[in-house]
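To start, the structure itself, in structure tokens.
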Amino acid sequence: MGRDLYERSPEARAVFDQADAQLGFSLSSLCFDGPDDVLTDTSNQQPALFVTSMAAWQAMLHQGWEVPSYAAGHSLGEFSALAAAGALSFADGLRLVRRRGELMKAAGEREPGAMAAILALETAVIHTICAQSSQETARPVQIANDNCPGQIVISGDKTALSRAMELAQAAGARKVVQLPISIAAHSPLMASAADEFARLVDAVPIQPPRMPVIANVSARPLTAPDEIRIELKAQLTSPVAWTASMNFLIEQGVDTFVEVGAGQVLLGLAKRINRKAKRIKFEIGD
């Protein structure tokens, strides 16, 4: 992840080098060579994704791409979007995502949870299923990611999640798959992480973004530092309203989406949300 950027773009290489120096270890080597089990530890994975996205962003700007009208990032990607928009410095963004990963890992160890993807079931039905499961088990489970029509991720206590998966199958979901993760992101089980993370957010300088950043929680533009702080504090325990975020942009007349960073997952979601939208994956050298 990111090796091509590092080798072909001096601007991207400078981002990786800055991250290595700030963190005190070679995150770049971990991105390029693994091992996978160390890279996918959430305390490493979150800064790795942030740094790779920011490296791609710097390479993109150097190649003469226009600054977009809006920015948006899914879950952790919201930090990359805010940094790209100038609301967070790169150093502060990296500091936040590194600590965010550490706090989420610790919260997952205190209160182990799970996540599952549910395909081809209406969002309202899944809300009802989660509420029923939570009531039956007296444990939390909720929608974590509303990714696109027909693709919802739920998150919470393992017992409650298991019951919700049973109910989703019975309700006619085409597929219900538990994800290989032991952290219940975007659920109440992250509350202990959210408390300390909120203090970190309050201590970090935040500037008005140079373009609006669409919030994960509200699916509306963030334009002021106070709004951004509220969003980042709420994000750990609140669902990612990605479908609503993309629909808001489409309603504003956005017709082209560019994915910057590792992979092309968001372009796939954009296709499911609006097939008419133009979708571009930034690649170094394009």
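A few points about this structure:
- Residues of the range 2-32 satisfying the condition of being at positive phi and touching a residue at least 12 places away in the same chain (Cβ under 8 Å): Gly2
- Some residue of the range 22-30 being surrounded by fewer than 14 Cβ atoms within 10 Å (Cβ to Cβ), assigned to a helix (DSSP H, G or I) and modelled with pLDDT of 95 or more: yes
- Condition met for Thr223 (without any contact (Cβ under 8 Å) to a residue 60 or more places away in the chain, assigned by TED's automatic domain parsing to the domain that holds Ala84, more than 17 Å from Ala87 (Cα to Cα) and among the polar types (S, T, N, Q)): no
- Among (1) part of a helix (DSSP H, G or I); (2) of a type outside the set (Ser, Thr, Tyr); (3) modelled with pLDDT under 95; (4) buried (at least 16 other Cβ atoms within 10 Å of the Cβ), the one test that Leu249 misses: (3)
- Within the range 175-204, residues that are over 19 Å from Ala160 (Cβ atoms) and without any contact (Cβ under 8 Å) to a residue 60 or more places away in the chain have Cβ atoms under 9 Å from residues that are hydrophobic (A, V, I, L, M, F, W, C) and loosely packed, with under 15 Cβ neighbours inside 10 Å in these pairs: Lys175/Leu119; Lys175/Ala120, counting only partners at least 6 apart in sequence or on another chain.
The values are calculated or read from the model by the stated rules, or taken from the named source; none is laboratory data. No experiment lies behind these values; they were computed from the predicted model shown. We place every Cβ from the backbone using ideal geometry, glycine too, and count neighbours over all the protein chains shown.
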